[in-house]
Amino acid sequence: MNLSKLPVHVAIIMDGNGRWAKKRGLSRVHGHVEGVKRVEEIVRAAKEVGIKYLTLFAFSTENWRRPPEEVNFLMGLLKSYVESKRDEFLSNDIRFNAMGRLKRLPNEVYEAVKALMEDTRHCESLVVTLALNYGGRAEMVDAFKKLAKEVASGRIEPKQVDEELISKHLYCPWIPEPDLLIRTSGEMRISNFMLWQLSYTELYFTPTLWPDFTKEEFYKALEDYSRRERRFGGI
Ligand code: IPE
Ligand code: IPE
Ligand code: MG
């Protein structure tokens, strides 16, 4: 791999768990269980290769539309994942982070997420962010609300509103914008993920379903990225 062109921040829309299970005659939740194993594998692979930020879309603001049994199962998985990662993240200097409308998560999930964020706050080799109850539009709405309050209170002038100020009001202003976005399962859409931050991100779509997205598949995406020429509107 051409390591001189490694992305600093990789974001992933982990999709295809349900189809993976269906293909095997299993119920959808088996796909989610297998999907968690790939999360563990990709976090390790990212750390190994020197990625600094890994952001994983785990639950969208639209995913509440799924049957309650599936939503409950996902919340349970999430809680057990978060609770089981403390030692591994600490010993590997991995910071756990989450973004989204977190307070609307079931309370025990929210508490587990908050605890791991606090416990690993000092770690800095790799930041793993889970997007939970996350929507790109919801994030912008929340940012604009905060901005509107500051304008109303006179702390900022409307003419001060610019791209930088909007960026500073998003959920994680301290994280650079993604260099590479990977979406698995063959769908060619963004599904309301990081709409503001993806403006110049390189996109990588693969038909591989998330439970089949191994470390080798991840490195293939990184290799593909290393051959891209980014121009940002210049020449
Ligand atoms: C991605 O897999 C996991 C979540 C969205 C939580 P899906 O559950 O969307 O799987 P498909 O797309 O139905 O196959
Ligand atoms: C996007 O996948 C959300 C996550 C991966 C968490 P979806 O499966 O929800 O997206 P759509 O419905 O195919 O657009
Ligand atoms: Mg899907």
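The table for this structure:
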read-out	value
Yes/no for Glu139 being farther than 25 Å from His9 by Cα, open to solvent by less than 70 Å² (accessible area, probe 1.4 Å) and not β-branched (Val, Ile, Thr)	no
Any hit, the range 43-53, residues being within 27 Å of Leu195 (Cα to Cα), within 16 Å of ligand 1 (Cβ to nearest atom), more than 16 Å from the chain's Cα centre (by Cα) and not aromatic (Phe, Trp, Tyr)	no
Pair list, Cβ under 9 Å, 6 or more apart: the range 170-190 residue within 15 Å of ligand 1 (Cβ to nearest atom), other residue in a loop (DSSP other than H, G, I, E, B) and open to solvent by 60 Å² or more (accessible area, probe 1.4 Å)	Arg183/Arg189; Thr184/Pro207; Ser185/Pro207; Gly186/Pro207
Test: residue in the range 19-28 that is basic (Lys, Arg), modelled with pLDDT of 95 or more and within 14 Å of the chain's Cα centre (by Cα)	no
Filtered residues of the range 121-149 (kept if touching a residue at least 12 places away in the same chain (Cβ under 8 Å) and of a type in the set (Gly, Ala, Ser))	Ser125, Ala131, Gly135, Gly136, Ala138, Ala143
Selection count where residues are among the hydroxyl-bearing types (Ser, Thr, Tyr), more than 16 Å from ligand 3 (Cβ to nearest atom) and either under 20 Å from Arg183 (Cα atoms) or in contact with a Phe, Trp or Tyr (Cβ under 7 Å, 6 or more places away or on another chain) (or both), scope the range 41-99	2
Matching residues in the range 196-235 - criterion: being part of a loop (DSSP other than H, G, I, E, B), surrounded by 14 or more Cβ atoms within 10 Å (Cβ to Cβ) and away from ligand 1 (no atom under 15 Å from the Cβ)	Trp196, Gln197, Leu198, Thr201, Thr214, Arg228
Of all residues in the range 175-186 being in a loop (DSSP other than H, G, I, E, B) and open to solvent by less than 50 Å² (accessible area, probe 1.4 Å), the one that is nearest to Phe232 (Cα to Cα)	Asp179
Selected residue [open to solvent by less than 30 Å² (accessible area, probe 1.4 Å) and assigned to a loop (DSSP other than H, G, I, E, B)] from Leu147, Leu170	Leu170
Subset of the range 121-144 (residues that are among the β-branched types (Val, Ile, Thr) and either assigned to a strand (DSSP E or B) or under 26 Å from Lys47 (Cα atoms) (or both))	Val127, Val128, Thr129
Residue satisfying all of: in the range 4-18; more than 11 Å from ligand 1 (Cβ to nearest atom) and more than 16 Å from the chain's Cα centre (by Cα); nearest to Val39 (Cα to Cα) among these	Leu6
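The values are calculated or read from the model by the stated rules, or taken from the named source; none is laboratory data. Keep in mind that what you see is a predicted model, and the values were worked out from it rather than measured. Note: ideal-geometry Cβ built from the backbone for every residue, glycine included; neighbour counts use all protein chains shown. When the accessible area is computed, the model is the full protein with side chains, heavy atoms only, and any ligands, DNA or RNA have been set aside. Shrake-Rupley method; radii C 1.70, N 1.55, O 1.52, S 1.80 Å.
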